[in-house]
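Have a look at the structure below, then the notes.
The values are calculated or read from the model by the stated rules, or taken from the named source; none is laboratory data. Worth saying up front: this structure is predicted, and the values here are computed from it rather than measured. Ideal geometry is used to build each Cβ from the backbone, glycine not excepted, and the neighbour counts take in all protein chains shown.
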Amino acid sequence: MKGLILVGGYGTRLRPLTLTVPKPLVEFANRPMILHQIEALASAGVTDIVLAVNYRPEVMVETLKKYEKEYGVSITFSVETEPLGTAGPLKLAEKVLKKDNSPFFVLNSDVICDYPFKELAEFHQAHGGKGTIVATKVDEPSKYGVIVHDIATPNLIDRFVEKPVEFVGNRINAGLYILNPEVIDLIELKPTSIEKETFPILVEQKSLYSYDLEGYWMDVGQPKDFLAGTVLYLNSLSKRQPEKLAKQEKNHIVGNVLIDPSAKIAPSAKIGPDVTIGPNVTIGEGCRIARSVILSNSTIKDHALVNNTLVGWNCSVGKWARLDGVSVLGDDVSVKDEVYVNGGKVLPHKTISNNVEHEAIIM
């Protein structure tokens, strides 16, 4: 089987982290974001993976070649000379995706969930249609394009309703699909939307179905959702592989916490809930870390408080400093002692000596 991951462009929504590292290689739960997807595809029997990007991918090649050997897959890059939307990349990768008659998966690189690729493939083969959309249920469907099913045929999609004023359903497109190769014949090599242009054709042909996703789902392409997705992922991990989480200790580790073995944490620090700590991180005495991600080689000094924050690589957070309000520190940022940062997005290689009391970009 085959899979195509829509990687996209510069990852502007996740800046300042993506000013240093391409979005697919930013660590989510201590592993490059895209590795979660490559591993899930490989475990479902996918042997050919295409990464659709619209800028030069050279910086990713070396890292991803290592994954080819580890997971027994072939990874190729499909580079767009102009952005081709969500359908155009399928046409551009036609040679790989139509190399045989087996269906292929399509997924957005920002989506984190318990990927149901094996079950999705079985469901798709059973209904005999040309395409299947993974659907997730939401509490407020009025914000999304909602899937409406055919009354007579289970899971057959009848239409899509964009941001409905009245309740028509609560299932939305989760950004994961499985399609037959013939669907590519419906797409032209130009900027094209699979949601607005390709799927409506399949609906008319009564050949597009939906598959309900069980468990959590999150688009982690921006900081607040990255943090929310981390909470959901750690909760899922606590049920699937609890041995990977740090053991909960009274007044030290609280709730779901993922810690790289190389991290050094003072016994008096209180970590959690919902924290990921990367390689070679140092956490000082009396620190309080909650609902945050600390990336590799960063130091949180004594008595600092880090809450609801993404701390990038190689950062230093001073003694008694306080980070909160979905703050994001880029690579190699230094926050001085006793400084308060609330909602600051700090670009790489900056030093913060004064309080940042309101949401701001620090350049």
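Here are the numbers:
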read-out	value
Given (1) in contact with a Leu (Cβ under 7 Å, 6 or more places away or on another chain); (2) in the same structural domain as SER102 (by TED's automatic domain parsing), index of the condition PHE226 fails	(2)
ILE253 vs. criteria assigned by TED's automatic domain parsing to the domain that holds ARG322, β-branched (Val, Ile, Thr) and modelled with pLDDT of 95 or more	no
Qualifying residue in segment 60-69 (condition: more than 20 Å from the chain's Cα centre (by Cα), in contact (Cβ under 8 Å) with a residue 12 or more places away in the chain and crowded, with 19+ Cβ neighbours inside 10 Å)	no
Count - residues of segment 232-241 that are surrounded by fewer than 18 Cβ atoms within 10 Å (Cβ to Cβ) and touching a residue at least 60 places away in the same chain (Cβ under 8 Å)	3
Selection count, segment 128-150, where residues are in contact (Cβ under 8 Å) with a residue 24 or more places away in the chain and either touching a Ser or Thr at 6+ places or on another chain (Cβ under 9 Å) or crowded, with 21+ Cβ neighbours inside 10 Å (or both)	11
Meets criteria (in contact (Cβ under 8 Å) with a residue 24 or more places away in the chain, farther than 28 Å from PRO16 by Cα, loosely packed, with under 14 Cβ neighbours inside 10 Å and among the acidic types (Asp, Glu)) for GLU214	yes
Test: ASP114 is surrounded by fewer than 21 Cβ atoms within 10 Å (Cβ to Cβ) and under 27 Å from VAL53 (Cα atoms)	yes
Scope segment 184-212; condition in a strand (DSSP E or B) and at pLDDT below 90; matching residues	THR192
Residue in segment 146-156 that is among the small types (Gly, Ala, Ser), farther than 15 Å from LEU202 by Cα and assigned to a loop (DSSP other than H, G, I, E, B) present	yes
Residue match in segment 249-264 (condition: in contact with a Gly (Cβ under 7 Å, 6 or more places away or on another chain) and touching a residue at least 60 places away in the same chain (Cβ under 8 Å))	yes
Matching residues, segment 288-334, being over 24 Å from LEU25 (Cβ atoms) and not hydrophobic (A, V, I, L, M, F, W, C)	ARG288, LYS301, ASP302, HIS303, ASN307, GLY318, LYS319, ARG322, ASP324, GLY325
Those helices (runs of 4 or more DSSP H) lying entirely in segment 68-144 with at least 1 residues modelled with pLDDT of 90 or more and in contact with a helix residue (DSSP H, G or I) (Cβ under 8 Å, 6 or more places away or on another chain)	117-127
Residue within segment 332-342 that is more than 27 Å from the chain's Cα centre (by Cα), over 26 Å from GLY229 (Cβ atoms), among the aliphatic types (A, V, I, L, M) and crowded, with 18+ Cβ neighbours inside 10 Å present	yes
All positions within segment 193-208 that are surrounded by 20 or more Cβ atoms within 10 Å (Cβ to Cβ) and within 26 Å of the chain's Cα centre (by Cα)	ILE194, THR198, PHE199, LEU208
Top-ranked residue in segment 271-282 [being part of a strand (DSSP E or B) and under 23 Å from LYS224 (Cβ atoms); ranked as farthest from the chain's Cα centre (by Cα)]	ILE271
